[in-house]
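Accompanying notes for the structure given below.
The values are calculated or read from the model by the stated rules, or taken from the named source; none is laboratory data. What you see is a predicted model, and the numbers here were worked out from it, not measured in a lab. Every residue, glycine among them, receives a Cβ derived from its backbone with ideal geometry; neighbour counts consider all protein chains shown.
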Amino acid sequence: MVQKPIAISVIAPVSVAAILTLAILAGISLTNQAFAQAKKSTSLSIGAFPCCERKTLAATVNQGFSGKLTSEGSEGPGGATIHLIGVPGFWFATTNNFGSWNVEVPLGPGTYHIHAHYGGDSDHASSDSRTITYAVTH
């Protein structure tokens, strides 16, 4: 009786199992990609009232910013988180069922370049608003 080295008798089955596992994983990945749907495009707006500049005697003013999130030209999605970028601190708003949002932010004297950001979700692509410049002066 001829004895085979242990290394060959162990390596061969392990190699075959590894190749089969990789083939299965590649097939699953391709299947998921084939059925993945494109995300709906979104558009995000921003505005401030009063627009662009505010004069104050106070150390800070509460300034309202608002806008609308639309998806492929329609209202919504509702319940989306909108982040306000370019203001001190961390400010966000949640859209209503029509895609509208608003947030009030305390601003001290200075010039701010502000835009809104929507990070997207499983059905909707992310988007950013235009940037507005807002100034608060004493």
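Just a few scattered comments:
For (1) in the same structural domain as ARG54 (by TED's automatic domain parsing); (2) under 16 Å from the mean Cα position of the chain (by Cα); (3) not in a strand (DSSP E or B), each residue gets a yes or a no:
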{"position": "ASN96", "(1), (2), (3)": "yes, no, yes"}
{"position": "GLU104", "(1), (2), (3)": "yes, no, no"}
{"position": "THR111", "(1), (2), (3)": "yes, no, no"}
{"position": "ILE114", "(1), (2), (3)": "yes, no, no"}
{"position": "HIS117", "(1), (2), (3)": "yes, yes, no"}
{"position": "SER122", "(1), (2), (3)": "yes, yes, yes"}
{"position": "THR133", "(1), (2), (3)": "yes, no, no"}
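- Hey, PHE65 more than 18 Å from the chain's Cα centre (by Cα) and surrounded by 15 or more Cβ atoms within 10 Å (Cβ to Cβ) or not: yes
- Sub-7 Å Cβ pairs linking a first residue in segment 46-59 that is touching a residue at least 24 places away in the same chain (Cβ under 8 Å) to a second residue that is in a loop (DSSP other than H, G, I, E, B) and surrounded by 10 or more Cβ atoms within 10 Å (Cβ to Cβ), at least 6 apart or interchain, are ILE46/SER129; ILE46/ARG130; ALA59/GLY108, ordered by first then second residue.
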